[in-house]
Amino acid sequence: MEPPSPDSQNETVDEILNGRLQIIQKRRGYRFSVDALLLAHFVGPCQGEAVADLGCGSGIVALILARQGRCRRVVGVDIQESAVAMARCSAELNGLEGRVSFFCGDVRRPECLPPSSPFDCVVFNPPYRRLRSGRMNPDAEKALARHEIAGSAADFLAAAGRIVKGGGA
């Protein structure tokens, strides 16, 4: 079966890791930045562990961790259905659908968190601007990713605490 093709009018396929990983992103709208690459790099050794990525967006961190092959499984969660759909397509494009999965969920609602917890490690790159602070981007996806519209850092920390196992990171 042929991997999905991005919508060339609205999406791009960007290569990272010297071409070993392809990420589908919106041409206009939220796109990953260097902070996601740094986060993936700073995740400690997770050989054989289960990792959750809360607020995964395009799935960049989860896909990098899955490509590295150290984690037993990686689960990405995001509130935006369009981001989850792109992350799933990227996983399929890279042949990683057996190592990483993505689903839509709200970190503020425990029933929306991964049912397969506890996780050994939980990562997240939450919105970094408080609601009504700074210039709000008119693009809804960018605004949601950058401002605490649908979750604060405290919400992400609380969600991580609910799904990480004792002694996890």
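The values are calculated or read from the model by the stated rules, or taken from the named source; none is laboratory data. Note that the structure is a prediction, hence the values are computed from the model and not measured. Cβ coordinates were reconstructed from backbone atoms using ideal geometry, including for glycine residues, and neighbour counts include every protein chain displayed. Only protein heavy atoms, including side chains, enter the accessible area calculation; ligands, DNA and RNA are left aside. Shrake-Rupley method; radii C 1.70, N 1.55, O 1.52, S 1.80 Å.
So the values come out like this:
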quantity	calculated
Compactness relative to 2.2 N^0.38 Å, alpha carbon Rg of region 38-133	1.03
Loop-resident sites, region 12-62, for trypsin sites (Lys or Arg not before Pro), counting at most 15 other Cβ within 10 Å (DSSP)	ARG20, ARG27, ARG28
Loop trypsin sites (Lys or Arg not before Pro), region 65-112 (other Cβ atoms within 10 Å of the site Cβ: 13 or fewer; DSSP)	ARG72
Share of carbon and sulfur in the accessible heavy-atom surface of region 1-90 [1.4 Å probe, %]	49
Region 1-104: GluC sites (Glu not before Pro) in DSSP loop, at most 16 other beta carbons within 10 Å	GLU97
